[in-house]
1. For the subset of the range 20-76 comprising residues that are part of a loop (DSSP other than H, G, I, E, B) and of a type in the set (A, V, I, L, M, F, W, C), which member is surrounded by the most Cβ atoms within 10 Å (Cβ to Cβ)?
2. Answer yes or no as to whether residue 86 is crowded, with 20+ Cβ neighbours inside 10 Å and either closer than 21 Å to residue 122 by Cα or β-branched (Val, Ile, Thr) (or both).
3. What tally of residues in the range 120-162 results from selecting those that are part of a helix (DSSP H, G or I) and on the phi > 0 side of the Ramachandran plot?
4. Looking for something within 27 Å of residue 58 (Cα to Cα) and among the small types (Gly, Ala, Ser) - is there at least one such residue anywhere in the range 140-157?
5. Farther than 23 Å from residue 48 by Cβ and either surrounded by 14 or more Cβ atoms within 10 Å (Cβ to Cβ) or not hydrophobic (A, V, I, L, M, F, W, C) (or both): is that true of residue 107 in this structure?
6. Would you tally the residues in the range 140-163 being more than 9 Å from residue 38 (Cα to Cα) and under 19 Å from the mean Cα position of the chain (by Cα)?
7. When the range 133-161 is examined, which residues are found to be surrounded by 14 or more Cβ atoms within 10 Å (Cβ to Cβ), modelled with pLDDT of 95 or more and among the charged types (D, E, K, R)?
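The values are calculated or read from the model by the stated rules, or taken from the named source; none is laboratory data. Note that the structure is predicted; figures quoted are calculated from it, not measured. Neighbour counts are summed over all protein chains in view; Cβ atoms, including those assigned to glycine, are modelled from backbone coordinates with ideal geometry.
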Amino acid sequence: MLNKKVQGAINEQIKNELYSGYLYLSMSAYFEANNLPGFARWMRLQAEEEQEHALKFFDFVNDRGGRVMLQTIDQPPVEFESPRAIFEQTLEHEQKVTHLIHQLYELALEENDYPSQVMLQWFIDEQVEEEKNATEIVETLRMVGDKGQALVMLDRQLGRRGAD
C-alpha cells in the first residue's frame with residue numbers, strides 16, 4: 001500500500017508534469033505562429049514526453065493501491081520574448097522540476113518507501129538528460145542569436161528530433 005504522504009506528493013507531481021506538458025505545448029504553439037516549425041516540433045515532442053512522465057506517476061500510484069487525485073493545472077504563458085528566452089525558461093523550468101523530484105525522493109527516504117525510491121531514480125536520471133538538452137540549446141542560441149540563417153539551420157536541426 002502506498003504511503004499517504006508519498007501519495008499526496010506524487011499527486012502534486014502529476015499536476016506538475018501535466019503543467020510541464022501544457023507549458024511546452026504553449027511554447028510549441030508560439031513557435032508555430034512564428035514560422036519556426038522545427039522548434040515547434042521539438043517542443044511538441046517535449047510536451048508529449050511530459051505527459052508520459054505524468055502517466056508513469058499515475059500508473060505507479062494505481063499499481064501501489066493508492067488513489068490518483070487530479071488537480072487544477074494553471075494556464076501557461078502564451079507570449080514569449082524570443083527562441084532563446086523560451087529555452088532559458090525551459091532550462092529554469094527543468095531545474096525546478098529536478099528540485100521537485102529530489103524533494104519527492106527525500107520524502108520517500110523519510111517514509112522508508114523503497115518502491116517509490118526505485119521509481120524516482122528513473123526520474124532523477126531523466127532530469128539529468130532534460131537539463132543537459134535544454135542547456136545545449138540555450139548555449140547554441142547564445143552563439144547564433146535569435147535571427148538569421150543560423151537560427152533557420154537550428155530550426156531544421158531541432159525539427160529532426162525523433163526522426164533519428
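1. 36
2. yes
3. Residues that pass the stated criteria total 0.
4. The answer is no; no qualifying residue exists.
5. yes
6. Final tally of qualifying residues: 1.
7. Answer for the range 133-161, where residues must be surrounded by 14 or more Cβ atoms within 10 Å (Cβ to Cβ), modelled with pLDDT of 95 or more and among the charged types (D, E, K, R): just 155.
This table checks each residue for (1) in contact with a Leu (Cβ under 9 Å, 6 or more places away or on another chain); (2) closer than 16 Å to residue 6 by Cα; (3) in a helix (DSSP H, G or I); (4) hydroxyl-bearing (Ser, Thr, Tyr).
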{"position": "93", "(1), (2), (3), (4)": "yes, no, yes, no"}
{"position": "101", "(1), (2), (3), (4)": "yes, yes, yes, no"}
{"position": "107", "(1), (2), (3), (4)": "no, yes, yes, no"}
{"position": "115", "(1), (2), (3), (4)": "yes, yes, yes, no"}
